[in-house]
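**Q** Shown below is the structure under consideration.
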Amino acid sequence: MTEEQMLAGTIKNNAAAQEALYDRYSPRMLGVCYRFAKSREDAEDMLQEGFIKIFTQLHQYRNEGALEGWIRRIIVHTCINILKKNKKFSETVDLIHAHAFHTNEDMVPSIMQAKQVVECIRLLPLGYKTVLNLYAIEGYSHKEIGNMLDIEESTSRSQYTRAKAMLEEILVKKHIIDKSQYKNNYGKTNTIK
Amino acid sequence: MEDNNYRDDFELFLKESADEFRMIPSRKIWYSIYNNIHPARRWPSMAVCLLILTAVLYIGIENNNSLSNAARKNAAENFNANLTESKSDKNITLLQPFATNSFDTKEKNNPTVLDESINTFEEIQTLSTQLQNGDVSFSTNLNVKSNLLNIMTIGNNDAVTGSVKDLPNKLSPNNKLKLVSRNSFSVVDESENFETNTKIIAEENETAITIQQDPTFEKGIALKSKNDNDKDLKNILSTTEKSWNEDYAFRNKPAINKLKQNGSISYYITPSLGYRKFEKRDYVKRSANIANSFSNVGLSGDRTLNDNDAFNLELGAAFQYAVSKNVRVKTGLQVNYTNYTSNVTSLGHPSQVALDVSSSRPLYSSSNYSSAAGSSLINKTTIQIAMPVGADIKIAGTGNLKWYVGATLQPTFVVKGSGYVLSSDGAHYSSEPSLLRKLNLNSAIESFISFKASPSVTMTVGPQLRYQLFSSFKNEYNYSEKLYNIGVKLGISTTF
């Protein structure tokens, strides 16, 4: 089923088209959610809520940009909304959290690269992790991040700087990257069930 | 979202790694999403769940019934076990537990006892021949067990081997081997419906078969035909159920309908004479323009106003319920016709008169009659519907004749009435139904003799006094009129 067919069928509330669309994009989107969530269960909750929004709002998709990008934005916003329900993003909190955080090689098991990197990202404190995800991976600007998380733009910048440094330290300690060249030890993509 | 063009290598690496990362979600996520966006389609799955639940319940109930049927069957079989005689007329070889060394079933009068074992080929051959001739028949029931039965000889190189499957070809098909244990069969003569106490025991690795009698059988047990079995089963069931029913009927008598036993319907009529108690009210606010000129009239119940009693009637039906041996409560519906008369003088022309009411302005009405005694008669009537509620108490009497006293309160609705009222000067009568009180309350006391004419019919007769508790007129009218009746109540009651 082509993307156009899926889109048309989903808008018409066709179950087969909806399932096809879900099957195509859910693995990557779950990966997105997993980076934001505390656990796999939380990530699946985010995914479920996100796709419900996608199916109910798909008629608003204007074919401006890739469908995956549109889906991804909805998923990211859903993740942020869920996180915001449970946590306040404040510099003070994150700073306290961050100072108490210590990296430990034993915390990250030896796994394939993509998952390793993601697991290392998940080790970061919530505020750091969220800002890093939004800026470095999802591509939002600090201004946009500030609006989404109800924090100042400057807070977002400082959070990101600290998050990046911490993540770099984790990845280097884990020998996932070389500090000077940012090269990895593994070259395969890992899909995890 | 703006594309971040200022990514360094580290950020690019993070993005590439994260974009490569995938996780396969569990299928239940999709089901949850599906049910959320297709709520209407939840119903088929719920219907299926309901169907499955119903099926499970049904199977469970049926199994329980099957178990109870199995229990009954066991009872039937136990019943069968007590039967000692076969109903078959044919001669059947009955193997007695007395051992002999010969194997000859043709001697019907001296039942043959089989040897304990057959070891020689000749004996096996003889056995086979006899089996073939139908003297002693065996057949196999392949459904019982597919055991190989090797028939071999000892001391003879000519081995005769065969399997249980081979036996039916040589044997009468009327019989069968009923599996008793893993390697032993009992012989059942199906055509004779007779199970012998002969057993064939075959050890798998043994070279011989053993034919012996089952020591648990003292004599042959006749198997009843299916029809007989069914009949006995029915008899057992009917006997069992019958005794159960009888016991149940004895111990669990049906509940008596108390309503029917203690209740009855009564119909009555009470012709009576009715009159009134008339008196003046005292109220605070009076019309300043109305003179009180009644002081010389004398209105408190006497006949100065030329009032006379008149015929009244009460018709009703009541439901009575005996709450104890001597007390019964009752309620019902009745219609009252009340009346008393006044001798008046017709004016010949209407005259406007003022009425004595409690409002600040006088109420004027039209009058055709003077209150002075004359040749005219006015009827001060009302039609009422009442719902009496009360009780009767037995004073004396047994059997068919009893004496009761009773009392009721009767909320009453005045449907219509003449509404004759006196003018403020007492000189005129005016009809003003608007001053009639619509809701009232009567009370009644009675005493009656009850005679039971038949088991279901009782007749009553006795005096009754009924008194109206509130004035016939509204409170704004300055005079109070309370009706009363004295009559004889005649009634007939029937039970349900």
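The values are calculated or read from the model by the stated rules, or taken from the named source; none is laboratory data. Computed from a prediction, not measured in an experiment: that's the story for all the values here. Using ideal geometry, Cβ is built from the backbone for each residue, glycine included, and neighbour counts are taken over all protein chains shown.
Let's see how each residue does on (1) modelled with pLDDT under 85; (2) more than 7 Å from chain A (Cβ to nearest Cβ):
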{"site": "B:Met1", "(1), (2)": "yes, no"}
{"site": "B:Asn4", "(1), (2)": "yes, no"}
{"site": "B:Trp30", "(1), (2)": "no, no"}
{"site": "B:Leu57", "(1), (2)": "yes, yes"}
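Table: residues versus (1) surrounded by fewer than 21 Cβ atoms within 10 Å (Cβ to Cβ); (2) farther than 19 Å from B:His428 by Cβ; (3) of a type in the set (Lys, Arg).
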{"residue": "B:Tyr340", "(1), (2), (3)": "no, no, no"}
{"residue": "B:Gly348", "(1), (2), (3)": "yes, no, no"}
{"residue": "B:Ser370", "(1), (2), (3)": "yes, no, no"}
{"residue": "B:Ser376", "(1), (2), (3)": "yes, no, no"}
{"residue": "B:Ala386", "(1), (2), (3)": "no, yes, no"}
{"residue": "B:Gly390", "(1), (2), (3)": "yes, yes, no"}
{"residue": "B:Gly397", "(1), (2), (3)": "yes, yes, no"}
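**Q** Could you give every pair whose Cβ atoms fall below 8 Å, whose first residue belongs to region B:6-18 and is more than 7 Å from chain A (Cβ to nearest Cβ), and whose second residue is surrounded by 15 or more Cβ atoms within 10 Å (Cβ to Cβ) and at pLDDT 85 or above, counting only separations of at least 6 or pairs across chains?
**A** B:Arg7/A:Ala136; B:Arg7/B:Lys15
**Q** Here's a follow-up. For region A:7-35, enumerate the residues that are touching a Leu at 6+ places or on another chain (Cβ under 7 Å) and either within 11 Å of chain B (Cβ to nearest Cβ) or over 16 Å from A:Arg72 (Cβ atoms) (or both). Please lay out each step first, then the result.
**A** Filtering region A:7-35 down to residues touching a Leu at 6+ places or on another chain (Cβ under 7 Å) leaves A:7, A:10-11, A:26, A:29-30, A:33.
Result: A:Thr10, A:Ile11, A:Ser26, A:Met29, A:Leu30, A:Cys33.
**Q** With region B:397-488 as the region, which strands (runs of 3 or more DSSP E) entirely inside it contain at least 3 residues that are under 25 Å from B:Asn343 (Cα atoms)? Before the answer, list the steps.
**A** Values: elements: B:401-417, B:420-422, B:428-431, B:439-454, B:457-468.
Per the criteria, B:401-417, B:420-422, B:428-431, B:457-468.
**Q** Follow-up question, since we're still on this one. State which residue is nearest to the other protein chains (Cβ to nearest Cβ) when the search covers only region A:141-159 and only residues that are touching a residue at least 60 places away in the same chain (Cβ under 8 Å) and within 14 Å of A:Val76 (Cβ to Cβ).
**A** A:Met148
**Q** While we're looking at this one, here's another question. Say whether the condition of being closer than 24 Å to A:Leu134 by Cβ, touching a helix residue (DSSP H, G or I) at 6+ places or on another chain (Cβ under 6 Å) and surrounded by fewer than 18 Cβ atoms within 10 Å (Cβ to Cβ) is met by at least one residue in region A:19-35.
**A** no
**Q** Also: Among the residues of region A:111-124, write down those that are facing chain B (nearest Cβ under 8 Å) and under 24 Å from A:Ile71 (Cβ atoms).
**A** A:Ala114, A:Lys115, A:Val117, A:Val118, A:Ile121
**Q** Please name all residue pairs, on different chains or six or more residues apart, with Cβ atoms under 9 Å, provided the first residue is in region B:363-388 and is at positive phi and the second residue is surrounded by 14 or more Cβ atoms within 10 Å (Cβ to Cβ).
**A** From region B:363-388, no pairs qualify.
**Q** Just the residues that are assigned to a helix (DSSP H, G or I), at pLDDT below 85, within 14 Å of chain A (Cβ to nearest Cβ) and surrounded by 10 or more Cβ atoms within 10 Å (Cβ to Cβ), please, taken from region B:32-55.
**A** B:Arg41, B:Arg42, B:Ser45
**Q** Which residues, counting only those in region A:160-172, are surrounded by fewer than 16 Cβ atoms within 10 Å (Cβ to Cβ) and either at pLDDT below 90 or within 11 Å of chain B (Cβ to nearest Cβ) (or both)? Even if it seems obvious, please write down each step before you answer.
**A** We begin by selecting, within region A:160-172, every residue surrounded by fewer than 16 Cβ atoms within 10 Å (Cβ to Cβ); these are A:161, A:165, A:169, A:172.
The answer is A:Ala165, A:Glu169, A:Val172.
**Q** So, in region A:125-140, of the ones that are more than 9 Å from chain B (Cβ to nearest Cβ) and surrounded by fewer than 23 Cβ atoms within 10 Å (Cβ to Cβ), which residue ends up farthest from the chain's Cα centre (by Cα)?
**A** Among residues in region A:125-140 that are more than 9 Å from chain B (Cβ to nearest Cβ) and surrounded by fewer than 23 Cβ atoms within 10 Å (Cβ to Cβ), the one farthest from the chain's Cα centre (by Cα) is A:Pro125.
**Q** Take the conditions at the interface with chain B (Cβ under 9 Å from one of its Cβ atoms) and not polar (S, T, N, Q) and apply them to A:Leu47. Does it pass?
**A** Details: at the interface with chain B (Cβ under 9 Å from one of its Cβ atoms): yes; not polar (S, T, N, Q): yes.
The answer is yes for A:Leu47.
**Q** Within region A:50-70, take every residue that is part of a helix (DSSP H, G or I) and modelled with pLDDT under 85 and give me the one that is nearest to the other protein chains (Cβ to nearest Cβ).
**A** Step one: filter region A:50-70 for residues part of a helix (DSSP H, G or I), giving A:50-60, A:67-70.
Now restrict to residues that are modelled with pLDDT under 85: A:59-60.
Details: A:His59: 13, A:Gln60: 15 Å.
Filtering region A:50-70 for residues that are part of a helix (DSSP H, G or I) and modelled with pLDDT under 85, the one nearest to the other protein chains (Cβ to nearest Cβ) comes out as A:His59.
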